[in-house]
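Inspection log for the structure reproduced underneath, given as structure tokens.
The values are calculated or read from the model by the stated rules, or taken from the named source; none is laboratory data. The structure presented is a predicted model; accordingly, all values stated were derived computationally and were not measured. Glycine gets a Cβ as well: all are built from the backbone with ideal geometry, and neighbour counts include every protein chain shown. Ligands, DNA and RNA are excluded from the accessible area calculation, which covers all protein heavy atoms including side chains. Shrake-Rupley method; radii C 1.70, N 1.55, O 1.52, S 1.80 Å.
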Amino acid sequence: MASEFPTPELLGWPADGPTLRLDYRRFSYAGKFVMSNTGKAVVRAGEGTDGEFDDSVVAAVAFNADRTDPETLWIRYVTVREDRRGEGLGPRLCRFVVEQAADRGYERVRIAVNNPFAYEALYRAGFSFTGEETGIAELVLERPADAPAERSTARYQEGIDRYRQRDLSEDERAFLERKRGEEPPAPPE
């Protein structure tokens, strides 16, 4: 595990049209970061590219405004390079994006997650389950832009229980079993 968290970097807001080429073999959702209709933020470790891809990036987030609510920013995709997962890069980068959103006047930030590991990571970033699901079975989490969301064990467990009803990997089932009855993880201070 890395002992020091590299400084997050804002590549730009959606209007700036930032793009990012990530190696699809090392990042989930790599193709989503090539599109220019979302803002991007990254964490870099080191320098360099291997020609086609930016090898300095170890985590990335794509985001844009809600189409119907100008006070809401949506985090659309979060990805952490496979060899750096579990270091807290995703939650810390999401908190950075929330800070940027607050500075731009957004009232709240939302994200829809499709697996229990992302659910847990976003709780660590100060988000809380809204009780809503998208049409593609993602759980919607939200937090105010200026402070972590209020959280309750009952609401946290409600989201955990929804994942238990799904076809899961052995790792996901074991993770959910360890979370049975636990309080939500607190965001770092």
Specify, per residue and in Å³, the volume enclosed by the convex hull of the alpha carbon atoms belonging to segment 105-187.
83
May I ask you to evaluate 6.51 cos²θ - 1.76 cosθ + 1.60, the Karplus curve with θ = phi - 60°, for each residue of segment 27-36 and list the ³J(HN,Hα) values in order in whole Hz, giving x for glycine and proline?
10, 6, 6, 3, x, 6, 8, 6, 5, 9
Classify segment 57-160 as rounded, prolate or oblate, taking a ≥ b ≥ c as the square roots of the eigenvalues of its Cα gyration tensor: rounded when a/c is under 1.5, otherwise prolate if a/b is larger than b/c and oblate if not.
rounded
Considering all projection directions equally, how large on average is the shadow of the alpha-carbon convex hull of segment 55-111, in square nanometres?
4.1
When all C-alpha to C-alpha distances in the chain are sorted into bins of 5 Å, what percent of pairs does each bin hold, rounded to whole numbers?
1, 8, 16, 20, 21, 16, 11, 5, 1, 0
Only Cα pairs within less than 10 Å get springs; with that Gaussian network setup on the chain, which residue of L139, L22, L176 has the largest fluctuation?
L176
When the Cα centres of segment 1-40 and segment 143-183 are compared, how far apart do they sit, in Å?
26
When only DSSP loop residues count, what trypsin sites (Lys or Arg not before Pro) in segment 134-182 have their Cβ near at most 13 other Cβ atoms within 10 Å?
R166, R180
Just to confirm the filter: which GluC sites (Glu not before Pro) across segment 118-165 are DSSP coil and have at most 12 other Cβ within 10 angstrom of their Cβ?
E150
Dipole of the chain, Cα-centred, from +1 at each Lys and Arg C-beta and -1 at each Asp and Glu C-beta, to the nearest 20 debye?
220
Under the Karplus curve 6.51 cos²θ - 1.76 cosθ + 1.60, θ = phi - 60°, whole-Hz ³J(HN,Hα) for segment 160-167, x wherever Gly or Pro sits
4, 5, 5, 5, 4, 7, 9, 6
Would you compute, from DSSP H runs of 4+ residues alone, the mean residue ellipticity of the chain at 222 nm, taking -39500 (n - 2.57) per run and dividing by the full residue count, rounded to the nearest 500?
-7500 deg cm²/dmol
Find the accessible area per residue for the chain; the probe is 1.4 Å, ligands and nucleic acids are left out, and the unit is Å².
52
